[in-house]
Amino acid sequence: MTPEHPEHPRHRLGLGQGTALFTGAVLGPGVLALPHLAAAAAGPASILAWAGLLALSVPVALTFAALGARFPDGGGVATFAARAFGPRVSAAVGWWFYAAVPLGVLAGALIGGEYVAAALGLGRYGAAAIAFALLAGGFAANHHGLRLSGGIQLVLVGGLAVLLVTAITAAAPHADPGNFTPFAPHGALGVADAAGVLFFAFAGWEAASHLSAEFADPRRMLPKATALTLAIVGTLYLALAVTVTGVLGDRAATSPVPLALLMEAGIGPAARAATAAAALVLSFVAINTYIAGGSRLGAAMARDGSLPARFATVRRSLLLLAALTAALWAATLPFGLGLDALMRATAACLAAVTVVGVAAAVRLLPRPAVARTATAFTAAVLLSCGAYLLIPLAVGGAAMVVRRRQPIG
């Protein structure tokens, strides 16, 4: 997901503000749970998946920066897809984004619910109830037009970065080299499986294209902001992955609240409650932002013929998202739909968006060598999503059917 546009359209982003927004687009509350999910899939070798996806992010991020610098526009990947492949593919991209909203907001709510439930000694049902309260609050806030300012959101993203740095530095002295063996208990397939869910943490590079028109000098500042974001996010992710493995060992694969355990190891039991409170706030901020963006995306898609016309208002699009999210939440308990499945489904949709975006760059950029590399790497990550590929395939097929019924201008 991408951050909303700055509140004052006449104000142009500088390098510092642009870097902060890009970092906020990539670094979200999903990182509070992903070390556990990756460790469960690959053990200590999940570090290889983190490092591999970071390497993948370099050509992907540079490709989106080049697209944004050459075609500064707020439409992002959907605009590039329309230029390169036509309105039907663009419609599929929009549907993938829209489908990722209920999946992503429920995943974010469950992350907050898991941390609070762990701190208070509540069980699975308690976590689900907290998740429901977070979702209800996010949809109610958007229904009444209450939206957090971009400044507040950037402060909270900074708070997440501080939380990660604190957890890493406090816990790192407690690392045990023995926790890195056996290094790859599930082999190469485990690493690929971990990459499929970890793409959730690396989605957001397309923010460069959405925010490109807001920069004072896109051609000069976009590449610099992208490079700084890569350095910040890469350092935090790799340090977190190594620390979680070294300090927690087998517990990294079994506990849904790895950051709370790191804080407890480094500072003491009192830190666990503080971490839960921070996770709750960060989850709500992400939920509020995703819902706000998703409801507006749905209204725009309905206006342009990619969704039924009845959803061409923000309020009706919001109600549709609420209904889809409520149905997903209701499936979490009786059908065992957990955080891992939700994040993998979201990652599959966002990986599909990214593949189309970088593939469009191959057609649109005069020197597409980096875009070709990005397309090949991202397609490999998309394949690592396995059976979850059926979700973007089904969603994309439905989008094309709906769009085919509309006149193409």
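What follows draws every value from the coordinates through simple rules; no lab data is involved. Small disclaimer: the values here were computed from a predicted structure and weren't measured. When we count neighbours, we look across all protein chains shown, and the Cβ atoms used for this are built from the backbone with ideal geometry, even at glycine.
Under the membrane-span-like helix rule (DSSP H runs whose alpha carbons stretch at least 18 Å along the helix axis, mean Kyte-Doolittle hydropathy 1.6 or higher), the chain yields 46-70, 150-171, 187-202, 339-364. Here the simple spin-label model places points 7 Å from the Cα toward Cβ, and for Arg372 and Ala274 these points are separated by 5.2 nm.
Rg and Dmax of region 218-316, both derived from C-alpha coordinates alone, stand at 20.3, 55 Å.
Remark: the Cα gyration tensor places region 46-202 in the oblate category, a/c being 1.5 or greater and a/b not exceeding b/c.
If you bin all the Cα-Cα distances of the chain at 10 Å, starting from zero, the percentages per bin are 5, 23, 35, 26, 9, 1, 0. Once you sort the root eigenvalues of the Cα gyration tensor of region 256-409 as a ≥ b ≥ c, which label holds: rounded (a/c under 1.5), prolate (a/b larger than b/c) or oblate (the other case)? Oblate. Placing +1 on each Lys and Arg Cβ and -1 on each Asp and Glu Cβ, with no other charges, gives the chain a dipole about its Cα centre of roughly 1420 debye.
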